[in-house]
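Before any comments, here is the structure.
The values are calculated or read from the model by the stated rules, or taken from the named source; none is laboratory data. A quick note: this is a predicted structure, and the numbers were derived from the prediction, not measured. Using ideal geometry, Cβ is built from the backbone for each residue, glycine included, and neighbour counts are taken over all protein chains shown. Side chains included, ligands, DNA and RNA excluded: accessible areas come from the protein's heavy atoms. Shrake-Rupley method; radii C 1.70, N 1.55, O 1.52, S 1.80 Å.
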Amino acid sequence: MAADIVTRPFYAKVEAGKSRISADKLAKILFEHDVDVAYFYQLLRPTYISKQKKIESNLNSKMEQAFNRGKIDEIESCYQEILSQSHSKILKLRAMISVANLKDELKQVDPQIKADLLVEFNDEQNWMTNPESLRLFTNTMPLWHQESLAFFINRLLARAKNNKNPSELEQERYLRIFENYLSICYDRKLTPKQF
């Protein structure tokens, strides 16, 4: 593993937790062994994120599982947990919209929330690069009229097209959004010309 980037004795000390390795040397070692850096980062994440971020990550996973199962009682219970345990405005909004969507109550969402979301998604610099904002956009897609939704999707498509070197993680995020968009268009019984 040292790969002539660091000495074997030094690498042994790093493994034993007796020494630290610089980020550039670690990156060289990872690249030398074709280790997926995103995967490596995900392995490290639980060790270094705050207690609150761990709670929110667990709540997010729980919410996504409940939503995928389509169980309203589970997602409502998860929503209550999020309201009481999370400090993330975005996670709370995502949960609220998910509950409204499953209960077919999207028309009852506060117009001010929709207006705030519209401001968020009109900020071209922020939401298309921020993973949390992308998740929020995905969850709120059913809220938007087709014209607004198509406008946002076209902006996202243009960004994806202009990104010459997207990471696998970025590609996966965008593909999930586009897949969700097509599903919404199907549910709305739109023809390809309409979307």
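Treating the Cα atoms of the range 84-195 as identical point scatterers in vacuum, please give the log10 of the normalised Debye intensity I(q)/I(0) at q = 0.10, 0.24 Å⁻¹, two decimals.
-0.29, -1.59
Counting only protein heavy atoms, what percent of the accessible surface of the chain is carbon or sulfur at a 1.4 Å probe? Intermediate values should be presented prior to the final figure.
On the way: 6820 of 13210 Å².
Of the solvent-accessible surface of the chain, carbon and sulfur hold 52 percent.
Find the accessible area per residue for the range 1-82; the probe is 1.4 Å, ligands and nucleic acids are left out, and the unit is Å².
That works out to 74 Å² for each residue.
For the chain, what is the calculated [θ] at 222 nm in deg cm²/dmol (nearest 500), taking -39500 (n - 2.57) for each run of four or more DSSP H residues and dividing by its residue count?
Working: 10 runs with 136 residues, N = 195.
Estimated from H runs of four or more residues: -22500 deg cm²/dmol.
Among Asn154, Gln108, Tyr186, pick out the residue whose Cα is farthest towards the positive end of the charge dipole of the range 106-191, where Lys and Arg carry +1 and Asp and Glu carry -1 on C-beta, about the Cα centre.
Positive-most Cα among the choices belongs to Tyr186.
Which of the peptides 138-144, 14-20, 176-182 is most tightly packed, and how do the rest follow, going by the mean number of other Cβ atoms within 10 Å of each residue?
138-144, 176-182, 14-20
Starting from the Cα of Leu169, step 7 Å along the direction of its Cβ; do the same at Asp73; then give the gap between the two resulting points in nm.
My value for the distance between the label points is 3.7 nm.
Looking at the chain as a GNM with Cα springs under 10 Å, which of Asn126, Asn101, Asn162 has the largest mean-square fluctuation?
For the chain, modelled as a Gaussian network with Cα springs under 10 Å, the answer is Asn162.
Lysines near Lys71 by alpha-carbon distance under 26 Å, same-chain residues fewer than 8 away left out - which ones?
Lys53, Lys54, Lys62, Lys89, Lys92, Lys103, Lys107, Lys114, Lys189
Below 8 Å, C-alpha to C-alpha, sequence gap of six or more: please give me the relative contact order for the range 113-195 in percent.
27
So what's the Cα pair-distance distribution over the range 132-195, bin width 5 Å, in %?
4, 17, 28, 26, 15, 8, 2
Strictly greater than 26 Å: what percent of every Cα pair in the chain meets that?
Values: 8802 of 18915 pairs.
Above the 26 Å cut-off, the chain has 47 percent of its Cα pairs.
How much length, in nm to one decimal, is gained on full extension between Ala27 and His145, taken as 0.36 nm per residue of separation minus their Cα-Cα distance?
38.0 nm
Ranked from the most accessible area to the least, with a 1.4 Å probe and all protein chains present, what is the order of Ser167, Ser88?
Ser167, Ser88
Please give the per residue accessible area of the range 98-195, computed with a probe of 1.4 Å over protein heavy atoms only, in Å². Walk me through the intermediate numbers first.
Numbers: 6360 Å² over 98 residues.
That works out to 65 Å² for each residue.
What distance in nm lies between label points placed 7 Å from Cα along the C-beta direction at Ser183 and Thr47?
3.4
For an R0 of 22 angstrom, estimate the FRET efficiency from the Cβ-Cβ distance between Asn58 and Gln80 and round to the nearest 0.05. Walk me through the numbers on the way to the answer.
Details: r = 15 Å, r/R0 = 0.67.
Efficiency computed from Cβ-Cβ geometry: 0.90.
Using a Gaussian network model of the chain whose springs link C-alpha atoms within less than 10 Å, name the residue from Asp36, Asp24, Asp110 with the highest mean-square fluctuation.
So, out of Asp36, Asp24, Asp110, the one fluctuating most is Asp24.
Which residue fluctuates most in the GNM of the chain (Cα springs below 10 Å): Glu105, Glu32, Glu81?
Glu32
P(r) for the range 9-100, please, calculated from all Cα pair distances in 10 Å bins and given in %.
Distribution as computed: 15, 32, 21, 18, 13, 1 percent.
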